[in-house]
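Quick notes on the structure that follows.
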Amino acid sequence: MAKINVVFTGSFLQIKDEPITIDYFRAKLTSTVYNDTIDKGGVTYNVSFLDNFLKIDYSYGRSLPRPENVINITTGNAEANPRNPDQYEPKQHFALIDCATGLLWLSNVRKQNLILAFLKKNLNEAKIYIKNVYNEQEFLSQIKLLDEVRFSAVPNLFSTSNTLAQALAQEINGYGGSVAMLTIKYDEPVAIAKIISKITSVFNNKESFRNIFISGRDERNLGMLFNQSAFSRKIEFKTDVDENENYNSEEVFRVLIAKIIDENN
């Protein structure tokens, strides 16, 4: 049996402003097959659950364009296209939502609009966003608007020279807690110079905080995310395919989930 390389890219999934949970998805979706029509094509979503994961094996294709002829690769001759005008050839894609980390793993990021459309329709929620994860340099070079900055501190940060971290640590002890988190949201646009200054300051003092989460948008108004605790955004592996180069979806998800669990540990 042949093997083909598959690459999954991880992005953060945001539904309204609340953390995603598997119970939320289980209350609104069932383990079944959903069908839809999009842009003169069709898409089939095969939905299932496993522990804290939502698995979506989806296939998409378009009836057009439909050439009159196809080429026989053995003879090199043109032959009449056997596909009817109301038929399409579906191509497999995979999506996995990890509710423990909030990450959405996609085998083809160019088809993420199909997952967004499915979730918005079947969850009956318009405020669903996919935000790409960036490292420090990428984030600083591309961010244009700042939405939210979030970081946390623990009591042992009393020794740090960072005043804000010390203040958070004092609050923890004052209330008998173990972690203090500060969230700053920006309702109005912030000048780009101030954005860079604020984010650079956070990065320069990252050793003073346990977690750093910064949400913003680039010049195309697309979501951007920096998350200090996020692991690698790509997972790559080889998987079996049949004689027609179709994937075994159960095997794809099995390997992917095993690698995610290994990364988390």
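Condition check: in a helix (DSSP H, G or I), at pLDDT below 75 and exposed (fewer than 13 other Cβ atoms within 10 Å of the Cβ). Does Glu207 satisfy that?
It is true that Glu207 is in a helix (DSSP H, G or I), at pLDDT below 75 and exposed (fewer than 13 other Cβ atoms within 10 Å of the Cβ).
Being surrounded by 12 or more Cβ atoms within 10 Å (Cβ to Cβ) and either over 20 Å from Val149 (Cβ atoms) or touching a helix residue (DSSP H, G or I) at 6+ places or on another chain (Cβ under 7 Å) (or both) is the filter here, so list the residues in region 2-13 that pass it.
Answer for region 2-13, where residues must be surrounded by 12 or more Cβ atoms within 10 Å (Cβ to Cβ) and either over 20 Å from Val149 (Cβ atoms) or touching a helix residue (DSSP H, G or I) at 6+ places or on another chain (Cβ under 7 Å) (or both): Val6, Val7, Phe8, Thr9, Gly10.
Report those strands (runs of 3 or more DSSP E) wholly inside region 14-125 carrying at least 3 residues which are buried (at least 16 other Cβ atoms within 10 Å of the Cβ).
41-50, 53-62, 91-98, 103-106
Within region 73-111, which residues are of a type in the set (Val, Ile, Thr) and in the same structural domain as Lys259 (by TED's automatic domain parsing)?
Of everything in region 73-111, those that are of a type in the set (Val, Ile, Thr) and in the same structural domain as Lys259 (by TED's automatic domain parsing) turn out to be Ile97, Thr101, Val109.
The values are calculated or read from the model by the stated rules, or taken from the named source; none is laboratory data. Since the structure is predicted, the reported quantities are computational estimates derived from the model, not experimental observations. FYI the Cβ positions are ideal-geometry reconstructions off the backbone, even for glycines, and counts take in every protein chain you see.
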